[in-house]
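Q: Mind looking over this structure? Questions follow.
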Amino acid sequence: MKNITLRAEHITKDYPGTRALDDISIEFDSGKVNALVGKNGSGKSTLIKIFSGAVKPTSGAIFLDGKEIHFNNTAEAYGKGIVTVYQEMSLVPGLSVAENIFLGRMPMKNGIIDWPRAYQMAGDLLQKMKVRINPREILYRLSMWQMQVVEITKALSFNPQAILLDEPTSALAQNEVQNLFEAVRALRDQGVIVIYITHKLQELPQIADTVSVLRDGRLMGTVQMKEVQHKDIIDLMFGEVKIQSRPKDIQVQDEIVMEVKNLSREKWYKDVNFSLRRGEVLGIAGMLGSGRTELLRGIFGADPPDSGEVHIEGKPYKKTNPIKMKYAGVGLTPENRQLEGLILIHSILDNLCYASMDQTSNGLIENKRLRNTIAEKQIRELEIKTSNMEIPCNSLSGGNQQKVVLGNWLNTSPKIMLYDEPSRGIDVSAKQQIFEIMWAQARKGIATVFVSTELEELLEVCHRILIMRQGKIVGEVNPDKTRINELYEICMRGD
Amino acid sequence: MELQAAKKLMLNRKKLEIFLLDHAIEVILIVLMLALSFNVKGFMTWSNWMNILRANSLKGVIAFGMTMVIIAGLIDLSVGSTVALSGVIVARICRDLSAGGMDLTLACILGIATSILLAVAVGYMHGFFSHKAGMPPFIVTLVSYNALYGLAGMVSQGFPIANQYPEWFNVLGGGRINLPAWFSNLFGRTEIDGIPYPAVVLLVTFLIVFFIMGYTKIGRAIYATGGNPESARLSGINVYKTKVICFIIVQIMAVLSGFMVSGQVLAGSFSFGRDWGLDVISAVIIGGASFNGGLGKVWGTILGVIFMGVISNGMTLLNFDIYTQYVVRGIVMFLAVLISSYRSKVRA
């Protein structure tokens, strides 16, 4: 089989104010699974977008099989033989496997769909992937890994020379991953250049032949998987990170405000126990799918736990729900602020007062003046940038929207605040402001639970960090004595 | 300098555009009324306006409840059938019980109470099945639309129940508040038509709903529920309770409307009001409430009701046949929604 290479030379991508990619030169060979790793913000996704045609590089060139290629959009990249399979699936649940593979390109005969040929072609492709999936099966009856394989088979149907797989295992359960790997290896053996993007380092020894590591927009190196250890890759990913330290004056008080006892929710977390003190900022670290977000939502009752209790100031709550927990003094800023935290079409004023409706009314009639006062207070204290609090929230930037979500809860004078990925998708200075707010509230005695994908944030912000893995709390670390590489290693160890 | 002036002009033009779009319904209504006053004899007269009020108050009352329902992101298609059902329930109970020797007033009150209880139960069920069982409100209330209509037919055994009601019941639907002589003198007459009671009921319901939506906690919860039910829920707002309240209120208003219809025609019939649901929804949408929920004003709905009333009255005075009227009403609704979609684009 002929060996072909996808090569990028001196790729640089500038966005206003930042350089996302800095002079990247990289090569991917066919017949290998080439892993591409890097933490969030390393430039990984920008590089994928450039290969897939979604983004044009500021400078640099891409060569396939020695020839320079140009494309302006995804469709053109397909035409040149580079196909990207994204983590969000593009499949239609109600259609058959064959229809999904040839969506919009069904084989025709005399102006009507040639079904026998469609099934035949789909069956051939699936056979190449070495999986037993019936092309006539309706998609939603398949398991997650089978759907992912169908997605890859769809990519294969374009006869590509290179396939980019963007976090293909992110939605899969542990036992399904192996099945998917079988298919990826089959794909590799077809002579296709496989580029495998992942953040799960534990997968690398099983699936990757080479590993390229990106950090801060630069290529830190490409290594042969056989020759290296986990630790080497982690060091390449993180380098020496300076963790900013939290202010020293925030003292954890003795009084326990919340105790979580044997909290369980099927499939997500099991027998979780921990306690939280007044003024404490507690972090929960874990990989995607470890159950950290679900645990937070369980405590708040957004998705009630199956069993276990949450004790707030000694009072037990069995079946939690948001209304009950709000009255108990708990607030949650949800992971997706636009869909779960805000009512985007409503004003900043309204959004700052939804959780505190009871405080701003006599039970029946609203106190408009009080609403204005508390909204203005949050706008001032949280430094929400707006000239007019009557304008809808969808006109605010991400950072300011997040502050509105926070302000909505701070107006209820909570005792415990649960933050789910509060820094997602907001710029660096807004992030720092959010942390300042968290600390300021901790100084006032609010106890905080903080969930974040960004481990360095946890190290910076928290007094104490719990490690969550596969729905269980497996350990606890002191952020003052832990390096990020170690924390990362603990989070992904063993699964 | 020139550039700045041009920019300012542009800005002002955009402001004017947004103002006109925001108040499109008011502007069009005024233009329409002026046009009709000058061209149609008998349009701008006191008695014609009292007619418009009387004819549209019955649906209008329901429109305010429907405004709450639509702002909450819901829909209730069944209100027309509730109008019919409440009418026949009162008529049947009045007839049967008074035939058995019961005092007419007491029988009538019993009928009213039964209807209201039924409305509460129906509204509650709409809330329960749409929220707890996750059925689309459109379907749940479509089921009621058919079932309640059928029930009305069963209660009335397929015929209108012409009836003896207590006097006050008839007044509620058909009576008028007589106006003092000095008021009539203003129009240069000795006597003019009084204000129909249904118009008074309309005004009172308007004020109540206006107050609820603008000044109370439940009103705020209704906007929040329609704006984004998930965010509302995670803000500790009782979304289920909010939905149930909206569904119950619109049903009660439909029952009230049913009483007035019966009082006006002195009978209960299963065919009254059956197709009102869509008219009421049209008025609310023309009034500017967003079908996606979360946005809308009670004031807009009253304009929507008047708008629909003026159009059909004007067309009737112009001798348009009923079919043409339907076409025109369709076009009007189309334009209203087109304007409001365009408005949200301009704003963004």
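Here, each number is a calculation from the coordinates, and none is a lab measurement. The model shown is predicted, which means the values in this text are computed figures rather than measured ones. Using ideal geometry, Cβ is built from the backbone for each residue, glycine included, and neighbour counts are taken over all protein chains shown.
Q: Convex hull over the alpha-carbon atoms of the protein assembly as shown: what's its volume per residue in Å³?
A: So the per-residue hull volume is 248 Å³.
Q: Using alpha carbon centroids, what distance separates the range A:454-495 and the range B:165-214, in Å?
A: 72 Å
Q: So what's the gap between the Cα centers of the range B:20-88 and the range A:113-159, to the nearest angstrom?
A: The two parts, judged by their Cα centres, are 57 Å apart.
Q: Looking at the range A:243-299, which GluC sites (Glu not before Pro) are in a loop (DSSP not H, G, I, E or B) and have at most 13 other Cβ atoms within 10 Å?
A: A:GLU255, A:GLU266
Q: Can you give the average number of partner chain beta-carbon atoms within 10 Å of each beta-carbon in peptide B:224-230, as a whole number?
A: Mean inter-chain Cβ contacts per residue within 10 Å come to 6.
Q: Just for the range A:273-431, what percent of DSSP beta bridges are antiparallel, to the closest 5?
A: 55 percent
Q: Give the cross-link partners of A:LYS248 among the lysines, using a straight C-alpha distance below 17 Å as the criterion and excluding same-chain residues fewer than 8 apart.
A: Within reach: A:LYS444, A:LYS481.
Q: Quick one: Cα convex hull volume of chain B, Å³ per residue?
A: Output value, Cα hull per residue: 182 Å³.
Q: What is the mean projected area of the alpha carbon convex hull for the range A:256-492, to one decimal in square nanometres?
A: Taking the Cα atoms of the range A:256-492, their convex hull projects to 12.3 nm² on average.
Q: Trypsin sites (Lys or Arg not before Pro), restricted to the range A:307-373: which are DSSP loop and have at most 13 other Cβ atoms within 10 Å?
A: Loop-located and lightly packed - A:LYS318, A:LYS319.
Q: A further question on this structure: What percent of all Cα-Cα pairs in the range A:151-267 falls into each 10 Å bin, going from 0 up to the bin containing the maximum distance?
A: Reading the bins upward from 0: 10, 30, 25, 19, 12, 4, 0.
Q: In addition: Normalised by the number of residues in chain B, what is the relative contact order in percent for Cα pairs under 8 Å and 6+ residues apart?
A: It comes to 32 percent, rounded to a whole number.
Q: How do A:447-454, A:106-113, A:21-28 rank on mean C-beta neighbours within 10 Å, highest first?
A: Per-residue mean Cβ counts within 10 Å order the peptides as A:447-454, A:21-28, A:106-113.
Q: Quick check on chain A: helices-only [θ] at 222 nm, where DSSP H runs of length 4 and up contribute -39,500 (n - 2.57) each and the sum goes over total residues. Nearest 500, please.
A: That comes out to -9000 deg cm²/dmol.
Q: So which lysines can A:LYS270 reach, going by Cα to Cα under 21 Å and dropping same-chain residues fewer than 8 places off?
A: Leaving aside lysines fewer than 8 places away in the same chain, those within reach of A:LYS270 are A:LYS261, A:LYS318, A:LYS319, A:LYS472.
Q: Can I ask one more? Based on a Kirkwood Rh over C-alpha pairs, give the Stokes-Einstein translational diffusion coefficient of the range A:5-238 at 20 °C and viscosity 1.002 mPa s in µm²/s.
A: This corresponds to a translational diffusion coefficient of 117 µm²/s.
Q: Return the lysines within reach of A:LYS226: Cα separation strictly under 19 angstrom, same-chain partners fewer than 8 residues apart disregarded; answer none if there are no such residues.
A: A:LYS226 reaches A:LYS32, A:LYS200.
Q: Quantify how strongly other chains surround peptide A:345-354 by giving the mean number of their Cβ atoms within 10 Å of each of its Cβ atoms.
A: 4
Q: Would you mind estimating how fast chain A diffuses translationally, via Stokes-Einstein at 37 °C and 0.692 mPa s with the Kirkwood radius over Cα pairs, in µm²/s?
A: 132 µm²/s
Q: Please get the size of the charge dipole for chain A, origin at its Cα centre, with Cβ charges of +1 on Lys and Arg and -1 on Asp and Glu, quoted in debye to the nearest 20.
A: It comes to approximately 580 debye.
Q: Loop-only trypsin sites (Lys or Arg not before Pro) in the range A:168-264, please: DSSP not H, G, I, E or B, and at most 11 other Cβ atoms within 10 Å.
A: Sparse-neighbourhood loop trypsin sites (Lys or Arg not before Pro): A:LYS242, A:LYS248.
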